[in-house]
Every structure is written in structure tokens, then in C-alpha cells.
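Worksheet for the structure shown next.
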Amino acid sequence: MFLYNPAYLIFMIPALILMGITSWYVRHSYNKWSQVRAGSGLTGQQAAQRLIANGNLYGVQVQGTQGELSDHYDPRNKTLYLSGSVANSPSVASVAVAAHELGHAMQDAEEYFPLRFRAALVPVVNIGSNLGWILIMVGLVFLRSTSLGLNIAWLGVLFFAGGALFALATLPVELDASARAKQLLRQTNIIQTDEEQRGVNQVLNAAALTYVAGLVTAVLQLLYYVLLVGGGGRRRG
Ligand SMILES: [Zn+2]
């Protein structure tokens, strides 16, 4: 099947390498700055509480969640979920992650447009990631690249384009949450020195790189399917 096509590997191996390097760099940065205490001595949980009070975000709850680097903000119940190591440790890495998630809570409170736009794409992406390649397979293999088959295959490609658009829409949302975090942590004295600021920047910039890697992967995947379906049309003509 075309998923095991060698051309697919040519597109996907660079993406896998990039994803591997960025996820290593995130862990490396997080572990390094987990050893350094934030000047205020506040844990991630306490930092989140200070930032909630500072931003008048009183509807926002803070709760624990299982797993490592599983921290996230859920706009549906206005809850900040912090992993155990972030919630309970007074490190530069912990307060950086907590403040980033709080940045998403602020975006939500302000009805920040890129956050709304990305949320609107979620159902498309959820359906599309399964349906996209099924449509391509039906169009190219079962309908043997007939003109109906090619139209169906291009519809599948459109779903992959939705995935790439989602990855693109994620970037401004994540960069903005990190920009807010970097500024707020210093303003509220949760971190106090340039060295701590450097740590916050490194942890958050490493996380941002994973979203760039996600975008590169989505674009490479889209490109592969464009060439595959385009090739189906040429073989037929
Ligand atoms: Zn985020």
C-alpha cells in the first residue's frame, strides 16, 4: 500500500528526525531548569495562583494531572491542569510551564482570535486525519484514478491541508502564550534574575520548536499526498 511507499519515507524521515531532536531538546531544557530554584520560591501551582490573582482570572481553577509534561489548559471548564512535577516544584522550569498555561487562560478570557480559530479547526482535524487517507486510497486504488476517483482523492488531500492549517494556526497561539509567560513571571517577581529569565526563555523556546516541527511534518505529509494524487492524474492522462 502507498503508506509503505519508499517516497513516503523520503518525506517522513526528515520529519521524524526533526521531531526526535526537538522532543529531546524540550526534555533536556526542562530537566536542566528543573534543578534551578525560582527566586520567589513559588511552586508551579503557587505561581499559577499568583498569576490568576494578578490577572483577575478568578473563574480559572488549577488542578493536578497525571504524567510528565502533560500540562495544559482546558477552555471548556476554565481549568489549568498541572503535572505533579510542575505543580509541586519551585523550579524555573515549573513556573515557566505554569505561566505558559496561564497565558492560554488569559487568551481564553480575552477571546483571543487565534485561539478561537484553532478551536474551530479541531473537529475538521479529528475527522480529517482518519478520513483523508481513506479517501485518497479509495480514489487512487479502488476507483483506479478515474476522474471520480481523482476528485475523491483530492478531497482527501484537502483534509490533510486542514491538518497543516491547524499546525500553522497553533504557532501564534503558542508563541503568544509563551510571550505572556516570559513577561508576567518577571513583572510579578516570580522570577527575579536575568539567569532565571534565561531559563524561562530556554524552556519555552524549546517547547515552541516542537510546534514548528509539527508544522513541518504536516506540510511534508501534505506535499507527499499532493504529489501522489497529482501523479495518479498524470498516469491516467
Ligand atoms: Zn501551550
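Couple of notes before you dig in:
- Some residue of region 167-176 being open to solvent by 20 Å² or more (accessible area, probe 1.4 Å), more than 30 Å from Leu227 (Cβ to Cβ) and away from the ligand (no atom under 16 Å from the Cβ): no
- Within region 116-123, none of the residues are over 18 Å from the mean Cα position of the chain (by Cα), free of Cβ contacts under 8 Å to residues at least 60 places away in the same chain and away from the ligand (no atom under 16 Å from the Cβ).
- Selection from region 196-208 of residues that are free of Cβ contacts under 8 Å to residues at least 60 places away in the same chain and more than 16 Å from the ligand (Cβ to nearest atom): Gln197, Arg198
- Single unsatisfied condition, Asn151 versus (1) within 12 Å of the ligand (Cβ to nearest atom); (2) surrounded by fewer than 20 Cβ atoms within 10 Å (Cβ to Cβ): (1)
- Output for region 21-41, where each listed residue is among the small types (Gly, Ala, Ser), modelled with pLDDT of 95 or more and on the phi < 0 side of the Ramachandran plot: Ser29, Ser34, Ala38, Gly39, Ser40
- Sole residue being within 12 Å of the ligand (Cβ to nearest atom) and either closer than 16 Å to Ile190 by Cα or open to solvent by 30 Å² or more (accessible area, probe 1.4 Å) (or both), chosen from Glu101, Glu68: Glu101
Conditions (1) open to solvent by less than 30 Å² (accessible area, probe 1.4 Å); (2) free of Cβ contacts under 8 Å to residues at least 24 places away in the same chain, marked per residue:
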| position | (1), (2) |
| --- | --- |
| Asn54 | no, no |
| Leu57 | yes, no |
| Asp74 | yes, yes |
| Ala93 | yes, no |
| Ala96 | yes, no |
| Ala105 | yes, no |
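- Taken as a whole, the structure places Asn189 among residues that are of a type in the set (S, T, N, Q) and either within 15 Å of the ligand (Cβ to nearest atom) or in contact (Cβ under 8 Å) with a residue 24 or more places away in the chain (or both).
- Hey, Thr146 open to solvent by 40 Å² or more (accessible area, probe 1.4 Å) and hydroxyl-bearing (Ser, Thr, Tyr) or not: yes
The values are calculated or read from the model by the stated rules, or taken from the named source; none is laboratory data. These numbers were taken from a predicted model, which means no experiment stands behind them. Virtual Cβ from ideal backbone geometry, glycine too; neighbours counted across all protein chains shown. For accessibility, only protein heavy atoms count, side chains too; no ligands or nucleic acids. Shrake-Rupley method; radii C 1.70, N 1.55, O 1.52, S 1.80 Å.
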